[in-house]
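The values are calculated or read from the model by the stated rules, or taken from the named source; none is laboratory data. Quantities reported herein were computed from a predicted structural model and do not represent experimental measurements. A quick note on method: Cβ atoms are made from the backbone with ideal geometry, for glycine too, and the neighbour counts reach across all protein chains shown. Please note that ligands, DNA and RNA were not included when accessible areas were found on the heavy atoms of the full protein model with its side chains. Shrake-Rupley method; radii C 1.70, N 1.55, O 1.52, S 1.80 Å.
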Amino acid sequence: MSALIALVALVAAASTTTSDAAGTREQRRACRADAMKFCRDHVPNVKRITACMEKNIAKLSPACRAQFR
């Protein structure tokens, strides 16, 4: 779940000055495309992005899905 929160922070605040606030480099790399593909309409609402990613977990790339473990 922390990976999802980090991803949400990335999408909601794409230009942050601290890398920790936007998740790890691995998390960003793994999930950025999926977040924009499936949940773009929900930015910047963190709760909606979270729900959207969870709803679409079966559609996420294997690398992004692994971040949810």
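Would you check if residue 19 is out of contact with any strand residue (DSSP E or B) (no Cβ under 7 Å at 6 or more places or on another chain) and at pLDDT below 65? Here the answer is yes, as residue 19 does meet what is asked.
When residue 24 is tested against (1) at pLDDT 65 or above; (2) in contact with a Cys (Cβ under 8 Å, 6 or more places away or on another chain); (3) among the β-branched types (Val, Ile, Thr), just one condition goes unmet, and that condition is (2).
Note on region 34-69: residues that are open to solvent by 30 Å² or more (accessible area, probe 1.4 Å), under 18 Å from residue 24 (Cβ atoms) and among the small types (Gly, Ala, Ser) total 3. Pairs meeting the criteria (first residue in region 25-36 and farther than 18 Å from residue 59 by Cβ, second residue open to solvent by 60 Å² or more (accessible area, probe 1.4 Å), beta carbons under 6 Å, at least 6 apart or on different chains) are lacking.
If you check residue 32 against the conditions, is it at pLDDT below 90 and outside any helix (DSSP H, G or I)? Judged against the criteria, residue 32 is not a match.
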